[in-house]
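See below for the structure under consideration.
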Amino acid sequence: MESVRGCCATRVCGAGVASLGVFCPGFRAGRPPRLSGAMWRRCLRLQDSGRRLRDQAMGGLTARMGPGPGPTTQPLARAYAPLTERKRFYQNVSITQGEGGFEINLDHRKLKTPQAKLFTVPSEALAIAVATEWDSQQDTIKFYTMHLTTLCNTSLDNPMQRNREQLIRAAVKFLDTDTIWVEEPETLVELQKNEWDPVIEWAEKRYDVQIGSSTSIMGPSIPAKTREVLASHLASYNMWALQGPDLACVPAGIEFVATQLKSMVLTLGLIDLHLTVEQAVLLSRLEEEYQIQKWGNIEWAHDYELHELRARTAAGTLFIHLCSESTTVKHKLLQE
């Protein structure tokens, strides 16, 4: 896939090409469109979708995600290209508590990561959520639906070898294009003001920072203090460090959510329980939804993207909370 930075003309197969005129009417008329923050997010999301389509096409060449004991022999990047489907090879899923945390068992086999590490999570609640993903698979295992499993694998293996500071910086960087608004049409300007201004005001008051908004393609001028305060806040979350001090579970989840929404402000709203997943996703797609209402909807393309974005955002948010909270699941004995 090839993307043209500076306009929304992104060359992708299928839905990407079909939606260029829908999301960028200026492009359809032969005029290069002026990108707002939402359109930047759209371009980045199309790029992410292209990568996922490419990775799924390579599914047969990727390293296994199953519980087998053998070492990973494929290149690291391919080890994390998700398998599309695989025949279900187990009957029962269970959870056991080991020395390092909670483990997932598929029949008599312990679940392993793509790098053949023992799949161990710090909380029983997270283990139950992951086990539910595996238990809900039917005749075939659809790996692309198992977002919590993928997040745990990434945290355990840390394939990109990034530490907590790098993860936090990557998330905070979304402030640069987070609040770029359009200047026209007036109806869209009013919509942005009504929906986004309260969220920005909440974030500024909650964290005692200045964020603001801008109609310039360069984005708002974010004070250095704002970046420092938000980075410090993200670093204050509990860390899941089963494999050493460089592994940061919560920052990995925060960066994952910020990458889905292309927004640090919305990510903060989610992890602080100020926004629901549905609200955050709608705000991240506000201009796109406006354009869909005006130019029409490509049902199979836009609906799939919306549901996929909701699923990934919800999984990332749940992952953050289950990793950052020390919780114990209480089992209740039912007597007849």
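The values are calculated or read from the model by the stated rules, or taken from the named source; none is laboratory data. All figures in this text were calculated on a predicted structure; none of them were measured in a lab. When we count neighbours, we look across all protein chains shown, and the Cβ atoms used for this are built from the backbone with ideal geometry, even at glycine. These area figures cover heavy atoms from the full protein model, side chains too; ligands, DNA and RNA do not enter into them. Shrake-Rupley method; radii C 1.70, N 1.55, O 1.52, S 1.80 Å.
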Q: Take Glu190 and decide whether it is open to solvent by 10 Å² or more (accessible area, probe 1.4 Å), farther than 22 Å from Leu261 by Cα and not assigned by the TED database to the domain that holds Glu103.
A: no
Q) Before we move on, is Thr72 at pLDDT below 50 and either open to solvent by less than 30 Å² (accessible area, probe 1.4 Å) or among the polar types (S, T, N, Q) (or both)? A) yes
Q | Total residues in region 108-135, condition open to solvent by less than 40 Å² (accessible area, probe 1.4 Å), part of a loop (DSSP other than H, G, I, E, B) and closer than 22 Å to Glu85 by Cα | A | 5
Q: Quickly run through region 261-290 and pick out the residues that are of a type in the set (S, T, N, Q) and open to solvent by 20 Å² or more (accessible area, probe 1.4 Å).
A: Thr276, Gln279
**Q.** Hits in region 93-107 - residues which are in contact with a Phe, Trp or Tyr (Cβ under 9 Å, 6 or more places away or on another chain) and open to solvent by 30 Å² or more (accessible area, probe 1.4 Å)
**A.** Val93, Ile95, Thr96, Asp107
**Q.** Breaking point among (1) open to solvent by 50 Å² or more (accessible area, probe 1.4 Å); (2) under 18 Å from the mean Cα position of the chain (by Cα); (3) at pLDDT below 85, for Asn238
**A.** (2)
Q | So Gln138, is it more than 23 Å from Thr267 (Cβ to Cβ) and either open to solvent by 30 Å² or more (accessible area, probe 1.4 Å) or of a type in the set (Val, Ile, Thr) (or both) | A | yes
